[in-house]
Structures are given as structure tokens and as C-alpha cells.
Amino acid sequence: DVPSRPDLKVDVLVYFDFEIGKLTVFLQSVDSNTGLPPIGAERGFLPINKPNGTNGQGYFTYAIRASKSTSSTIPWIDADASIVFDDNEAIETRTISNPVDSNPPRLLSLNVSYINDTFVFIRISNIT
């Protein structure tokens, strides 16, 4: 359900291909009254993008954990996305590479002190 739009629901389909390590996510706006996709771009769950640059934006987050065997054989996990709105061409994102640690993470201690509305002081201490 879309809280600001009781007439709209969002169907989510998630598929993970274990052989190639690909996550595919489909988000589809659905008119609550008809059970069909709404007609017109302005009727979807993302508002129309306005010149202010803040409307019509969304994001998808996920987390992965490399298996013990994977973390010892590959140094990086790459991530990219292909975003498609309706029948338009795909928007390709740049690839982000994340290092895979072969050793467990080291424990750090964070000491956060509020200074004012502009600054926060953070002291990082190594525990292990």
C-alpha cells in the first residue's frame, strides 16, 4: 500500500538467479479498484519528477554477505543496475565495486559528541 494514495498498491516481484548472482526486482503500481496498472505516468507510485529535483526519485537498497569460500577467492563484488520505467529504454547505472574482506572485520568504537547544528565530533578508537 502507498500511505499517501489509498487507491494505489505496489506489487513487488523479487527473483534471484543463484547461478549468475543476479537479483531482479519488479515494482508495479496497481489501481486498488481495478487491480490493473493505472493509466498515465502521473498515476504511479513515484510522483512526476519536477524541476526542483526532489520529486519522482526513489531507491532500492539491499545487503549481501559473501560465503566463506567466496571471500577467499574473489577480491571484489560488483553491483550495477538497469532501471526501466514503463516501455522506455533502460537507464544503466555505473558499476560500484565493493571489496570482500577475507578476515573478520575489526571492532572499532565510535564516540559521537554533538557540537551544534552544523558539526558533530566523532572519535574512532581501535578495540581489536
Amide H contacts under 5 Å for LEU8, placed H, 5+ residues apart: VAL2, SER32
- line: In whole Hz, the Karplus estimates of ³J(HN,Hα) for the stretch 31-39 (6.51, -1.76, 1.60; θ = phi - 60°; x where Gly or Pro) are 5, 4, 7, 9, x, 10, x, x, 8
task: May I ask for the net charge around GLY44, where only other residues with Cβ less than 14 Å from the Cβ of GLY44 are counted and Lys, Arg are +1 while Asp, Glu are -1?
output: -3
message: With the crude spin-label approximation of a point 7 Å out along Cα→Cβ, what separation in nm comes out for SER97 versus ALA79?
response: 1.6 nm
- prompt: What is the set of long-range amide H partners of PHE45 at a cut-off below 5 Å, with H atoms built 1.01 Å from backbone N?
  reply: SER29
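Laboratory data are not the source of any read-out in this text; all were calculated from the coordinates shown. Given the structure is predicted, the values throughout are model-derived calculations rather than measurements. Heads up, the Cβs are rebuilt from the backbone with ideal geometry, glycines too, and the neighbour counts pull from every protein chain shown.
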